[in-house]
Structure formats: structure tokens, C-alpha cells
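Peer 1: Submitted below is the structure of interest, expressed as C-alpha cells.
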Amino acid sequence: KAGVTQTPRYLIKTRGQQVTLSCSPISGHRSVSWYQQTPGQGLQFLFEYFSETQRNKGNFPGRFSGRQFSNSRSEMNVSTLELGDSALYLCASSLDNNYGYTFGSGTRLTVV
Amino acid sequence: GESVGLHLPTLSVQEGDNSIINCAYSNSASDYFIWYKQESGKGPQFIIDIRSNMDKRQGQRVTVLLNKTVKHLSLQIAATQPGDSAVYFCAENTNAGKSTFGDGTTLTVKP
């Protein structure tokens with residue numbers, strides 16, 4: 001079966017712009033989580049969606065937002081980009097709580 | 001007191017040896033734990049999980065040990081191979097859908 005698909009793979013944006021990243025989970029998976037990965041901070045939880053509802057949120061500013069559609073596909077948006085937002089953004093899907101997550105390959109965002 | 005393995009940011013082993021990667025978790029209420037492997041340019045890959053009602057679980061060449069008393073998790077890899085070289089993360093699930101990841105250990109397998 002197809003894995004978790006994230007698009008685009010690479011992105012370069014300018015400070016102040018906004019960006020939207022997309023994630024298609026494994027078919028049948030209703031839980032989608034987003035993580036930010038940087039060399040200095042490691043893997044940081046952004047938010048988790050289940051059946052179109054945000055169930056949990058990490059400690060990121062309001063510039064980071066997300067949503068989930070009825071087909072479980074998810075998007076995350078970052079507005080007013082800052083240089084520090086440069087990172088690998090990972091999406092992961094799961095059947096539900098307390099099941100292992102399957103990660104996509106990530107979107108590498110560079111803010112210049 | 002009881003001794004636990006220290007978390008090391010890097011670990012280098014000889015091919016064929018056994019590897020032990022340690023992790024300390026933070027929340028005593030966590031009830032589900034996962035080990036992931038991340039290779040360069042890829043997202044983390046699920047290796048093995050364990051629930052809090054168990055203290056040991058075995059997979060193919062991997063074993064996870066959970067010590068809830070000292071909030072410690074370890075991953076043992078038997079007969080380590082060059083393909084095992086990667087960064088290994090432990091993760092604890094504290095509540096709905098949120099996994100908190102450890103700092104990661106870079107495992108290098110020398111031929």
C-alpha cells in the first residue's frame with residue numbers, strides 16, 4: 001500500500017511569506033500529526049488531527065496552523081515566515097491514538 | 001540505587017556486535033512507547049513499540065525493555081549490521097496523538 005506522501009519535497013521561501021504543506025496519509029488512517037525537525041531542537045510536535053478535528057497542539061506560535069479534510073488529507077500553513085522556520089516538516093499518520101506512526105519523507109523548507 | 005544506561009548522542013559498534021541504545025522518558029503517565037529509526041533524507045521509520053503493561057518485547061533482531069520505575073527505555077539490536085546505521089529515537093505517547101521524542105542516538109556500524 002502507498003505510504004505517507006508529503007508535497008512538495010523541497011521549498012524555498014522568503015521571510016514574511018506564507019507556505020502551505022500537504023500530507024496524504026495511508027489509506028484508512030484517520031490520525032495525522034505534524035512535526036518540525038531541526039538539528040538543534042530535534043523532533044518537535046506541532047499538532048495532531050483526527051477526523052477533521054485538532055485533538056492536540058504543541059508549543060508553537062499561532063503562525064503555525066493546520067487542518068484536515070474529510071478524506072483525512074492534511075495541510076499545515078505557516079504565515080509570516082521567519083528564518084528560524086527553516087526545517088524539515090514531517091507528517092505522520094496512524095490508525096488512532098497509541099498506534100505507531102508512519103512518517104512521510106518530509107518537506108524541507110528553507111526560509112531566506 | 002538502581003543504575004540505568006545513559007543516553008548517548010552517538011554510539012559506534014563493530015559489525016556483528018550487539019547494540020544497546022538508551023532513552024529516559026519524562027512523563028510517568030505515558031503508556032505507550034515507540035522506537036524509530038531515521039536514515040539520512042528519510043522520515044523516521046517505526047521499529048518496535050511497547051505498552052506500559054509490559055516490560056519487554058521482542059521483534060526481529062530487536063528487543064525493547066521498559067523500566068517504569070526509573071522511566072527508562074532501551075533498544076537492543078542483535079548482530080548489528082551496516083544497514084542499521086542511522087539515528088534512533090524513542091518516543092512516548094502522553095495523550096491523544098502526541099508523541100514526545102527523545103534526542104536521538106546516532107548509531108554507526110563499523111565493518
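Peer 1: Please state the Cα pair-distance histogram of the protein assembly as shown with 10 angstrom bins from zero: what percent is in each bin?
Peer 2: 8, 33, 34, 19, 5, 0
Peer 1: In peptide A:88-99, what is the residue-averaged number of other protein chain Cβ atoms found within 10 Å of each Cβ?
Peer 2: If you average over the peptide's residues, the count of other-chain Cβ atoms is 3.
Peer 1: Which value, in debye to the nearest 20, gives the size of the charge dipole of region B:31-90 about its Cα centre, when Lys and Arg are +1 and Asp and Glu are -1 at the Cβ?
Peer 2: Value, rounded to 20: 100 debye.
Peer 1: As a test, work out the antiparallel percent of DSSP beta bridges whose residues both lie in the protein assembly as shown, rounded to the nearest 5.
Peer 2: The answer is about 90 percent antiparallel.
Peer 1: Follow-up question, since we're still on this one. What is the diffusion coefficient of region B:1-103 in µm²/s, taking the Kirkwood radius over Cα pairs and the Stokes-Einstein relation at 37 °C with a viscosity of 0.692 mPa s?
Peer 2: Estimated diffusion coefficient is 234 µm²/s.
Peer 1: Lysines within cross-link reach of residue A:57: Cα-Cα under 20 Å, excluding same-chain residues under 8 positions apart?
Peer 2: Hits, sequence-local ones excluded: B:98.
Peer 1: Oh, and also: State the answer as a single residue: which of A:26, A:47, A:8 lies farthest towards the positive end of the charge dipole of region A:1-58, with beta carbon charges of +1 for Lys and Arg and -1 for Asp and Glu, about the Cα centre.
Peer 2: Final value for the positive-end residue is A:8.
Peer 1: Enter the mean number of other protein chain beta carbons within 10 Å of the beta carbon of each residue in A:101-110, as an integer.
Peer 2: 3
Here, each number is a calculation from the coordinates, and none is a lab measurement. In this text, all values refer to a predicted model and were calculated from it rather than measured experimentally. Quick reminder, even Gly has a Cβ in these numbers, built from the backbone with ideal geometry, and neighbours come from all protein chains shown.
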